[in-house]
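Asks: Handing you a structure now.
Each value in this text was obtained by applying a stated rule to the coordinates, not by laboratory testing. Note that the coordinates shown come from a computational prediction; the quantities given were computed from them, not determined experimentally. Cβ: placed from backbone, ideal geometry, glycine included. Neighbour counts: every protein chain shown.
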Amino acid sequence: MPASSGRDAAVDAGHRVYFTTAAELAAKCHKAALEGRWSSIMRFFAGPRLLVIDELGYLPLAGDGASALFQVINQRDLKSSTILTTNVGIAKAHMFRRTCARQRRNLTGSGVRPAPPPCSRGIQS
């Protein structure tokens with residue numbers, strides 16, 4: 001429900017929105033990597049103002065699929081909005097945060113997330 005209302009509000013405001021499942025995103029990234037189109041698929045997923053990724057945790061993702069998901073989310077961080085929906089209970093949500101920190105460490109050498117820049121409108125997150 002929140003994903004559809006967020007998507008509808010973004011569309012009504014005239015923003016580009018893309019909706020996909022986590023498994024579909026992983027499959028598209030995997031195919032693009034095999035075809036040598038990795039940078040173009042990353043640009044594709046970076047393009048929309050809002051990206052809605054549905055069914056996170058519904059189907060298990062292979063290691064490369066999880067890595068692709070992380071890279072898409074990481075490249076959008078601080079630039080665009082992303083909505084993740086899942087059927088995983090709140091008790092297991094901490095596992096996603098630990099997985100992201102581990103992936104960040106693997107990619108950047110540091111598990112620490114950089115502080116976001118101050119908002120130009122004076123709104124603090």
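Asks: Using DSSP to define loop residues, name the trypsin sites (Lys or Arg not before Pro) in the stretch 29-92 whose beta-carbon has at most 10 other beta-carbon atoms within 10 Å. Could the numbers behind the result be given before it?
Replies: Working: sites: Lys31, Arg37, Arg43, Arg49, Arg76, Lys79, Lys92; in loops: Arg37, Arg49, Lys79.
Those satisfying the criteria are Lys79.
Asks: Would you calculate the separation in nanometres between label points at Asp64 and Arg49, each defined as 7 Å from the Cα along the Cα-to-beta-carbon direction?
Replies: Output for this residue pair reads 3.5 nm.
Asks: Right, another one. For the residue pair Thr21 and Asn74, what label-to-label distance in nm results when each label sits 7 Å from Cα along the Cα-to-beta-carbon direction?
Replies: 2.6 nm
Asks: If you take every residue apart from Glu24 with its C-beta less than 12 Å away from the C-beta of Glu24, what net charge results, scoring Lys and Arg +1 and Asp and Glu -1?
Replies: Working: positive: Lys28, Lys31; negative: Asp54, Glu55.
Computed value for this residue: 0.
Asks: Let me ask another. Does a label point 7 Å from the Cα of Ala33, set along Cα-to-beta-carbon, have any residues of the stretch 42-85 with amide nitrogen under 18 Å, and which are they?
Replies: 42-46, 57, 59-76
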